[in-house]
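Student: My structure is below; once you've seen it, I'll send some questions.
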Amino acid sequence: MTHSLPVQYNFSLRDLNTFGVQASAHAYLPVTSVDTLQDVKRDTDLVAMPRLVLGGGSNILLTRDFPGLVLHVGIKGIEIVDEDADATYVRAAAGENWHQFVQWTLAHGLGGLENLSLIPGSVGAAPIQNIGAYGIEIKDLFHSLTLFDFETGEQTTLNKAECMFGYRDSVFKHRLRDRAVVLDVTFALPKQWQPNLRYADVTNELAARSITQPTAQDISAAVIAIRTRKLPDPAVIGNAGSFFKNPVVTTAQRDALLQRYPQMVNYAQPDGSVKLAAGWLIDQCGWKGKTAGAAGVYENQALVLVNRGGASGAEIAQLAAAIQADVAQRFDVQLEPEPIFL
Ligand SMILES: Cc1cc2nc3c(=O)[nH]c(=O)nc-3n(C[C@H](O)[C@H](O)[C@H](O)COP(=O)(O)OP(=O)(O)OC[C@H]3O[C@@H](n4cnc5c(N)ncnc54)[C@H](O)[C@@H]3O)c2cc1C
């Protein structure tokens, strides 16, 4: 079937993933409104193809050419939609840049998202892995989202419970995988704002700036400074941030490991489980700063894999597998990648 949608074929994705790896899409379509998705749903050729919904490409590893249709979400718009005694409700379209959206809320005097400053990517991808940093996850301020469901062709609203948020997890990695396109996300930003200073990095940075009563803007500025120091800029060296999730173990496993490695970094969780620091485990195996072909492990942070120039996605995946094998052998802990492999 012929169609009037501006589909481009054999389209390079190199500039659309922050690892900067070369891979092409069989078909590529920018999405600027839900109408485009409805047109795709009606097009028998396009709807039959495997689909990849793409935002900023900062949490994917393209290990090969994508044999289907890439839907590149660019829907724009931010507005305050409601308020009550507790919160101001702000809705942002999926194609808005996450960091710019956070800055928009702060410029409008709305605190809450400041600890999540400078996370790359789009608003629409933020719920997929329930992005988090410096003591906050988006689920803490999430109100609802609208999605387009390719199975039904309908738009649906999901509330927080329906999104089933977990640590770097949501319903979009399970039941709604490959089926839902997030169109917009609404956040409930509290009227009674309180600073979240659970992370020592943040309090230390504020102390260094002699700030004792931080505003949301102060915390954002501190987080931006910390992240700029710690994490490589994808515009300079390709990466997808933390490559592995922090593994969650039982207290019995932690205690057994502490017997052998008394220095091991670990964080007790409210549910009784324990999070280990994946970066520490990788560092102990001697991987920090290592290079394998054109892929490597970042010098300042063992949790970040990098493209040193011209690496393929497959090369980065091989390096990740070698790290996983070493950590499993030494600590009997399985590391799970954070980015989506394609
Ligand atoms: C330097 C750096 C630092 C990072 N730091 C953090 C951090 O501190 N905390 C954190 O949680 N993450 C972090 N990340 C990971 C990344 O920024 C987030 O996961 C971000 O939400 C990905 O957004 P994106 O638009 O780039 O998604 P993409 O990489 O384009 O897509 C990621 C996944 O979401 C799906 N998706 C994207 N848009 C939509 C949509 N509209 N509807 C349905 N599905 C969609 C894709 O299909 C894919 O499965 C970091 C990444 C980098 C490069």
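Student: Size of region 54-188 along its principal axes in angstrom, Cα-based, largest extent first?
Tutor: Taking the Cα atoms of region 54-188, the three principal extents are 48, 30, 27 Å.
Student: Rounded to the nearest 0.05, what FRET efficiency do R179 and V236 give with R0 = 56 Å and r taken as the Cβ-Cβ distance? Could you check?
Tutor: My answer for the efficiency is 0.95.
Student: Please identify which residues in region 242-256 have an amide N closer than 14 Å to a label point set 7 Å out from the Cα of M264, following the Cα→Cβ vector.
Tutor: 247-256
Student: With every protein chain present, what is the per residue accessible area of the chain (1.4 Å probe, Å²)?
Tutor: For the chain, the per-residue accessible area is 46 Å².
Student: What whole-number distance in Å separates the alpha-carbon centres of region 280-325 and region 135-186?
Tutor: 31 Å
Student: Please identify the DSSP H helices in the chain that span no less than 15 Å along the helix axis (Cα) and have a mean Kyte-Doolittle hydropathy of -0.5 or more.
Tutor: Both cut-offs are met by 216-230, 313-331.
Student: Taking all protein chains in place and a 1.4 Å probe, what share, in percent, of the accessible surface of the chain do carbon and sulfur account for?
Tutor: Solvent-exposed carbon and sulfur of the chain make up 49 percent of the total.
Student: Highest GNM mean-square fluctuation, the chain, Cα pairs closer than 10 Å: which of I80, I131, I219?
Tutor: With Cα springs under 10 Å in the chain, the top fluctuation among I80, I131, I219 is at I80.
Student: While we're here: If I model a spin label as a point 7 Å beyond the Cα along the Cα-Cβ vector, how far apart are those points for T203 and V34 in nm?
Tutor: Taking the simple label geometry, T203 and V34 are separated by 4.5 nm.
Student: Within region 145-185, name every residue whose backbone N is under 15 Å away from a label modeled 7 Å from Cα of E79 along the Cβ vector.
Tutor: Of the residues in region 145-185, 146, 184-185 have backbone N under 15 Å from the label point off E79.
Student: Using the Kirkwood formula on the Cα atoms of region 189-342, what hydrodynamic radius do you get, in angstrom to one decimal?
Tutor: In region 189-342 this quantity evaluates to 17.4 Å.
Student: Would you check the accessible area of E162, probe 1.4 Å, heavy atoms only, in square angstrom rounded to 10?
Tutor: 90 Å²
Student: Rounded, prolate or oblate, given the Cα gyration tensor of region 1-104, with a/c below 1.5 counting as rounded?
Tutor: Here region 1-104 falls in the oblate category.
Student: Here's something else I'd like to know. Mind checking which lysines have their Cα closer than 26 Å to the Cα of K245? Skip sequence neighbours fewer than 8 apart in that chain.
Tutor: Hits, sequence-local ones excluded: K139, K160, K173, K230, K275, K288, K290.
Student: Which of the trypsin sites (Lys or Arg not before Pro) found in region 113-206 are in a DSSP loop and have at most 16 neighbouring Cβ atoms, other than their own, within 10 Å?
Tutor: R175, R177, R179, K191, R198
Student: Suppose the chain between E151 and Q8 were pulled fully straight at 0.36 nm per residue; how much longer would it get relative to their current alpha carbon spacing?
Tutor: 49.1 nm
Student: Turning to a different aspect of this structure: Normalized C-alpha radius of gyration of the chain, against 2.2 N^0.38 Å?
Tutor: In units of the globular-protein estimate, the chain measures up at 1.03.
The values are calculated or read from the model by the stated rules, or taken from the named source; none is laboratory data. Source: prediction; values computed, not measured. Cβ sites come from the backbone with ideal geometry, for glycine too, and all protein chains shown count toward neighbours. Just so you know, the surface numbers come from the protein's heavy atoms only, side chains and all, with ligands and any DNA or RNA stripped out. Shrake-Rupley method; radii C 1.70, N 1.55, O 1.52, S 1.80 Å.
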